[in-house]
C-alpha cells in the first residue's frame, strides 16, 4: 500500500494543473480576499454643494475629505446637475449644505444637510451614507463641547434609483452577466473541443461544409439558449423579485446579444487553444467564471481594489457589461450614456474573432 | 480514367520536406493501397488529396479537379473514413445517416433511400434506432464506411479503417470494400495490416517522404523475393 501512496504523490506533483489547484488557488484567494476584495468604503468619489461656504461647512467638508473614505470628485454640480452626475456614475454621493449654515446653527440651533446617494449598488450606498452621517455626528459632538444648549445637524438622506435599498438590484445584473458569459463561452468552447477530441472535426472539414458553416452550426444553439435564459431571468426578476427594467427593454436585449456574441468568440478562442474538453472546461472556469464573480465589480466594488487589480479588471468584459445592465435596468438610461462600454465590448468581440480565425488557419495547416 | 493524378508533389513545412516529389496515379474503380511507416508522409499526402491542405508544388488532380483551386468541388466528390472516428456515439444509427447525408447536400428523400439501401446491404435495418455507442466496434466501422459513401462519391479515402477488430470482421469489411469498388467507387486505403495490402490491386510504399515502391502485390513479391507484403516492407525498410 505504501507503493500506492507514493505513486499518487508522483501523479499529483508532476501534474502542473493539480499543483495550481492545490497550492496556487488557496494562496491567490487568501490574498484577494485579504487585500483586494472588500465591501468597505475607501476613496469613494463624492461631490459637495455648499450654499453657505462658511467656517462650519468648510470644517465639516475637511473632516469628511480627510477621513480616507471619500475623495472629492472634480465634478461639482449645481443643484440642477445632480441627476446628470449620477447618471454618468461618476460620484457615489452628493452632499448639500443649506445656505447660512453656521448662522442657522447658532440662532435656530439646527441646520440641514442633504445626503443623496447612488443606490444602484445598495450595499455601498448604505455604507457611504452611514459613514457620512457618523462623521457629521462626530463633528456635532465637537461643536457641542463647551456649549450649554443642544444643537442638531439635520441630515436628510435620499437613495437614488433604489429607495428601498433592495439587494436584488445588486445581484440580478451580476447573475445575468455570469450566466450569459458561462453558458455561451464555456459551452461553446467545450463543444468545439469535443469535436477536436473525438476527431469528428476532421470529417466535417473534409465535407463540402465550409468552416464558417461548421462553427455557426455549432454555436447558434448556444446563442439561442443563452438568450432564452437571459429572458427567463429578466421575467423572473420582474415578476417574482420586483426588479424593474426602467430603461428600454429592447436596448437591454440588443446589448445582451452583443455580449453573447463576444462571449461566443471568446469560447471559440478558448477551444482553439485547448486540446481537450477537460482543458476547455478548466480554462473557462478559472479564466472566466472565478474572475467574473470576484473581479468584475459584481459583489466587490472595483474602487476598493488595489490599483493593479483595477487596471486588470478593465480587460474583463463582464465588468463593462454589468455597468450597461445596471444603467439600463436600474437607472433607466439610454444609449448615449453607455456607448463607451458598448464600444469596448464590440471591440473585444472583434478581437477574439480575429484571434480565433488566425489560430484556426494555423491549425488547418 | 485516372481518378487521382499526382506528379512531383512536394510538401514542405518550413525546411522539413514531408512529401518529396511524389508521383503516382489511381485508376477509376481501383482499390489502391497507400502504405508506409509512421512519419513517412502518408497522412500529409492524404490531407492534400482530400483538399485539407495545399501542396507546396506539383500537380495534383482529384476526381478531375485541381487541388489548388477547386477544393470545394473535390470535397463534394469524395468520402472519408478514419479509424480515429467512427460516428457520433450519442446519436442513433438513423440520426447519424441523416446528419451526414445532410452535410453532403442530399435531399431528405434521397437520404432515406440511400440509408435503407446501405443498411439493407449490411443486414442492419433492425438496428437503425439503436444508439451508436451501444453497438460492437465491427458494426460501427461498417456503418462509418456506409456513411462515407452515402452520397456515392467518386473516391472514398479510408485512413486505417480496420484497427482493433478481429480478423473475421476485418474480412467482412473488405468484402464490403470489394463490393463498393465493383460499383465503380475508387477506394484509396492506408493500413498497417500488411495482409490487407494483398487485397489491393496496386500498392505504394512510402518512406522518408518518398515513394520507394509502387506495383501490384504480386510483382512486388517477385521483385523483392518475398512471400508476403510484410516481407517486402521489411526488406525495403532495411535498406
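The values are calculated or read from the model by the stated rules, or taken from the named source; none is laboratory data. Owing to the predicted nature of the structure, the values given are computational and were not obtained by experimental measurement. All Cβ positions, glycine included, derive from the backbone under ideal geometry; neighbour counts span all protein chains shown.
Can you pull out the residues in segment A:290-308 that are within 21 Å of residue A:90 (Cβ to Cβ), in a helix (DSSP H, G or I) and in contact (Cβ under 8 Å) with a residue 12 or more places away in the chain?
Those that are within 21 Å of residue A:90 (Cβ to Cβ), in a helix (DSSP H, G or I) and in contact (Cβ under 8 Å) with a residue 12 or more places away in the chain: A:302, A:303, A:304.
When residue B:21 is evaluated against the numbered criteria (1) closer than 14 Å to residue B:208 by Cα; (2) in contact with a helix residue (DSSP H, G or I) (Cβ under 9 Å, 6 or more places away or on another chain), which criterion, by number, is the only one it fails?
With (1) closer than 14 Å to residue B:208 by Cα; (2) in contact with a helix residue (DSSP H, G or I) (Cβ under 9 Å, 6 or more places away or on another chain) applied to residue B:21, the lone miss is (2).
In this structure, is residue B:61 free of Cβ contacts under 8 Å to residues at least 60 places away in the same chain and either more than 12 Å from every other protein chain (Cβ to nearest Cβ) or buried (at least 22 other Cβ atoms within 10 Å of the Cβ) (or both)? If you could, list the steps in order and put the result at the bottom.
Details: free of Cβ contacts under 8 Å to residues at least 60 places away in the same chain: yes; either more than 12 Å from every other protein chain (Cβ to nearest Cβ) or buried (at least 22 other Cβ atoms within 10 Å of the Cβ) (or both): yes.
Yes.
Can you confirm whether residue B:35 is more than 13 Å from chain A (Cβ to nearest Cβ), crowded, with 19+ Cβ neighbours inside 10 Å, touching a strand residue (DSSP E or B) at 6+ places or on another chain (Cβ under 8 Å) and in contact (Cβ under 8 Å) with a residue 40 or more places away in the chain?
For residue B:35, the condition - more than 13 Å from chain A (Cβ to nearest Cβ), crowded, with 19+ Cβ neighbours inside 10 Å, touching a strand residue (DSSP E or B) at 6+ places or on another chain (Cβ under 8 Å) and in contact (Cβ under 8 Å) with a residue 40 or more places away in the chain - is met.
Quick check on my filter: what residues within segment B:129-178 are away from every other protein chain (no Cβ under 14 Å) and in contact with a strand residue (DSSP E or B) (Cβ under 7 Å, 6 or more places away or on another chain)?
Once the filter is applied, which keeps residues that are away from every other protein chain (no Cβ under 14 Å) and in contact with a strand residue (DSSP E or B) (Cβ under 7 Å, 6 or more places away or on another chain), segment B:129-178 yields B:129, B:130, B:131, B:177.
Scan segment A:49-56 and tell me whether some residue there is farther than 30 Å from residue A:12 by Cβ and in a strand (DSSP E or B).
Step one: filter segment A:49-56 for residues farther than 30 Å from residue A:12 by Cβ, giving A:49-56.
Those left that are additionally in a strand (DSSP E or B): A:49-50.
Yes, because at least one residue in segment A:49-56 is farther than 30 Å from residue A:12 by Cβ and in a strand (DSSP E or B).
Residue A:295 is checked against (1) buried (at least 22 other Cβ atoms within 10 Å of the Cβ); (2) at pLDDT 85 or above; (3) within 19 Å of the chain's Cα centre (by Cα) and fails just one. What number does that condition carry?
(2)
Can you confirm whether residue A:173 is surrounded by fewer than 15 Cβ atoms within 10 Å (Cβ to Cβ) and either away from chain B (no Cβ under 14 Å) or at pLDDT 80 or above (or both)?
no
Restricting to segment B:67-110, name every residue that is closer than 14 Å to residue B:155 by Cβ and either more than 19 Å from the chain's Cα centre (by Cα) or more than 10 Å from chain A (Cβ to nearest Cβ) (or both).
The answer is B:67, and nothing else.
Identify all residues within segment B:216-239 that are in contact with a helix residue (DSSP H, G or I) (Cβ under 7 Å, 6 or more places away or on another chain) and either surrounded by 20 or more Cβ atoms within 10 Å (Cβ to Cβ) or within 22 Å of residue B:28 (Cα to Cα) (or both); write none if there are none.
Those that are in contact with a helix residue (DSSP H, G or I) (Cβ under 7 Å, 6 or more places away or on another chain) and either surrounded by 20 or more Cβ atoms within 10 Å (Cβ to Cβ) or within 22 Å of residue B:28 (Cα to Cα) (or both): B:217, B:220, B:229, B:232, B:233.
Condition (residue is away from every other protein chain (no Cβ under 14 Å), surrounded by fewer than 14 Cβ atoms within 10 Å (Cβ to Cβ), over 21 Å from the mean Cα position of the chain (by Cα) and within 30 Å of residue B:104 (Cβ to Cβ)) applied to segment A:193-201: is it met by at least one residue? Steps first, please.
Step one: list which residues in segment A:193-201 are away from every other protein chain (no Cβ under 14 Å), which gives A:193.
Cutting the leftovers down to surrounded by fewer than 14 Cβ atoms within 10 Å (Cβ to Cβ) gives us none.
No, segment A:193-201 contains no residue that is away from every other protein chain (no Cβ under 14 Å), surrounded by fewer than 14 Cβ atoms within 10 Å (Cβ to Cβ), over 21 Å from the mean Cα position of the chain (by Cα) and within 30 Å of residue B:104 (Cβ to Cβ).
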